[in-house]
Amino acid sequence: MLTSDSRLTTPRLTLRRFTEGDLDWLAELYRDADVTRYLGGALNRDSVGVMLRVRILDYYEQNPGFGMWVTCERATGERIGFHLLFNIQGETIIQVGFGLAKSAWGKGYGTEMAAEVLRYGFEERALPRIVAIANLENHASQHVLLKIGLHRKGERSFPHPAYAAHGPLAWFERDREDWMTERDGAPQL
Ligand SMILES: CC(C)(COP(=O)(O)OP(=O)(O)OC[C@H]1O[C@@H](n2cnc3c(N)ncnc32)[C@H](O)[C@@H]1OP(=O)(O)O)[C@@H](O)C(=O)NCCC(=O)NCCS
């Protein structure tokens, strides 16, 4: 379980909880218009502070084992972005998501940790289904979602203000049962 003293790791990356001490770094990430183009747009430091408190730190306490976490490079210890496993706002269904600093794009990092978060959600949280949403123009994100094994199932719109202005979003999903069957290989006849 991803708690204050446990982490998810991959060959090159590690995922840990955010702390108050990550505010400066997160504010810098959310200042970048390229990074936030499909994340609702750039945010000022005050707004990032509210997000850190409400959507990230409080969320850990209210939803143990779920949330948005800091993605770090194991070799350097550097924070390179975030991966998340939490509800779509205004809905109960759990989504996988990610955002990386521009300097970390194009190295396979987005996919590497998203695949581990998906495994964690199915194996360690026993979620029956994990979904994802992406802006229709966000081809890099859609490609990552397909690479980790989600299936594209058309488009969906959401009334929550976090998504309403985007209109229809590309919708991805995968069921645990189906994912586990594939992981375990085809049944022997
Ligand atoms: C989406 C994001 C996390 C991808 O991270 P990344 O580490 O660069 O992704 P990866 O290197 O693991 O994989 C990206 C894949 O998309 C492909 N790709 C990149 N840009 C693309 C584009 N414009 N169109 C199609 N494919 C694209 C890459 O070639 C790569 O595929 P490949 O491994 O088959 O070559 C990163 O671009 C990002 O942080 N974007 C801003 C935040 C964001 O949009 N988050 C998602 C919100 S839904």
Taking region 61-97 as the search range and keeping residues that are in contact (Cβ under 8 Å) with a residue 60 or more places away in the chain and surrounded by fewer than 18 Cβ atoms within 10 Å (Cβ to Cβ), which one is farthest from the ligand (Cβ to nearest atom)? 64
Which one of these is among the aliphatic types (A, V, I, L, M), crowded, with 16+ Cβ neighbours inside 10 Å, touching a residue at least 40 places away in the same chain (Cβ under 8 Å) and more than 13 Å from the ligand (Cβ to nearest atom): 127, 100, 150? 127
Only one of these conditions is not met by residue 36: (1) over 27 Å from residue 126 (Cβ atoms); (2) within 15 Å of the chain's Cα centre (by Cα); (3) buried (at least 17 other Cβ atoms within 10 Å of the Cβ); (4) not aromatic (Phe, Trp, Tyr). Which number is it? (3)
Subset of region 34-56, residues of a type in the set (Val, Ile, Thr) and under 22 Å from residue 66 (Cβ atoms), comes to 48, 50, 54, 56
Being out of contact with any Ser or Thr (no Cβ under 9 Å at 6 or more places or on another chain) and near the ligand (Cβ under 8 Å from one of its atoms) is the filter here, so list the residues in region 103-124 that pass it. 105, 106, 107, 108, 111, 114
For residues in region 130-145 being surrounded by 14 or more Cβ atoms within 10 Å (Cβ to Cβ), among the hydrophobic types (A, V, I, L, M, F, W, C) and more than 6 Å from the ligand (Cβ to nearest atom), which is farthest from residue 87 (Cα to Cα)? 145
How about region 1-77: which helices (runs of 4 or more DSSP H) wholly inside it have at least 1 residues that are within 14 Å of residue 99 (Cβ to Cβ) and modelled with pLDDT of 95 or more? 23-31, 45-51
Listed residues 24, 34, 46; which is within 25 Å of residue 158 (Cα to Cα) and of a type in the set (Asp, Glu)? 34
I'm told residue 81 meets every condition in (1) in contact with a Gly (Cβ under 7 Å, 6 or more places away or on another chain); (2) on the phi < 0 side of the Ramachandran plot except one. Can you identify the failing condition by its number? (2)
Do any residues in region 20-37 that are over 18 Å from residue 83 (Cβ atoms) and without any contact (Cβ under 8 Å) to a residue 60 or more places away in the chain have Cβ atoms under 6 Å from those of residues that are of a type in the set (A, V, I, L, M, F, W, C) and more than 9 Å from the ligand (Cβ to nearest atom), where the two are at least six apart or on different chains, and which pairs are they? 23/52; 27/48; 31/42; 33/42
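The values are calculated or read from the model by the stated rules, or taken from the named source; none is laboratory data. Computed from a predicted structure; not experimentally measured. Cβ atoms come from the backbone with ideal geometry, glycine included; neighbour counts cover every protein chain shown.
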